Amino acid sequence: MRLVVVSAGLSSPSSTRLLADRLATATLGHADAQVETLELRDLATEIAQHFVTGFPPARLAAALDAVAAADGLIAVTPVFAASYSGLFKSFFDVLDKDALTGKPVLVAATGGTARHSLVTEHALRPLFTYLRALVLPTAVYAASEDWGEEGLEQRIARAGAELARFMAPSAATAAPEVDTAAAIAPRSLTGAITSVDPAGGFRIEPFAERLAALRAD
């Protein structure tokens, strides 16, 4: 399996890259995967050139191809003006619109204050949902005061385990008639993603049956 990590940190070293590396390590604790980390600050000029010319330079093209071919993606951005950074958004603006379809994505962000902790929900999650990715339930935000705290490590561990599970190939994927996205993320009878594995033998009782039982009483 291939895991690609996108870090939009601007400094070196950066807390954004540190969080990205810790999330990758947590994922590798549950999955055997090759990791490729993309530092967007090294691609800033190429991204701007792509916007102007419509053609990606070789190094940017390789990065875009790596994201498209990945089995899972970790995307981490610093918070600028209460949202993702412009460099982060620009990279995904030049990515092919279908590249993330059905792909599990772990979103994360870093910031100077806990007041921006909902950036993962009001900015990052909608962005990747629009790109038709499978955004993991657990998103990770790290404020300056979170580093070294037990709560952050627990969130990192939980998010890494979730990504590994969604990346892991299911036996059902061997059958060509089985939808890949459905195999990655178990779904309920209505098509909604569920944390319950259908292979476990559970049965979802249709609402009509429950209503009929109530009427019988």
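The values are calculated or read from the model by the stated rules, or taken from the named source; none is laboratory data. Being a predicted model, the structure only gives us computed values, none of them experimental. Cβ atoms come from the backbone with ideal geometry, glycine included; neighbour counts cover every protein chain shown. For the accessible areas, the whole protein counts, side chains as well, though only heavy atoms, and no ligand, DNA or RNA atoms are used. Shrake-Rupley method; radii C 1.70, N 1.55, O 1.52, S 1.80 Å.
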Using +1 at the C-beta of Lys and Arg and -1 at the C-beta of Asp and Glu, which of Leu124, Ala62, Ala26 has the Cα lying farthest in the positive direction of the dipole of the range 20-146?
Leu124
Using Stokes-Einstein with the Kirkwood hydrodynamic radius over Cα pairs, what translational diffusion coefficient do you get for the range 51-169 at 10 °C and a viscosity of 1.306 mPa s, in µm²/s rounded to a whole number?
105 µm²/s
Once amide hydrogens are built 1.01 Å from N within the peptide plane, the residues lying 5 or more places from Arg2 or on another chain with amide H under 5 Å from its amide H are Gln34, Asp71, Gly72
Neighbours of Ala66 by Cβ distance under 15 Å: Lys/Arg at +1, Asp/Glu at -1, summed charge -4
Taking H placed 1.01 Å from N in the peptide plane, check which residues at least 5 places from Tyr141 or on another chain put their amide H under 5 Å from its amide H.
Ala109
Karplus ³J(HN,Hα) for the range 98-104 (6.51 cos²θ - 1.76 cosθ + 1.60, θ = phi - 60°; Hz, whole; x = Gly/Pro) runs 9, 5, 9, 4, x, 8, x
Rounded to a whole number, what % of the accessible area of the range 1-130 do carbon and sulfur atoms account for, probe 1.4 Å?
55 percent
Quick one: Cα convex hull volume of the range 1-117, Å³ per residue?
108 Å³
Within the under-12-Å Cβ sphere about Ala133, not counting Ala133, Lys/Arg +1 and Asp/Glu -1 give a net charge of +3
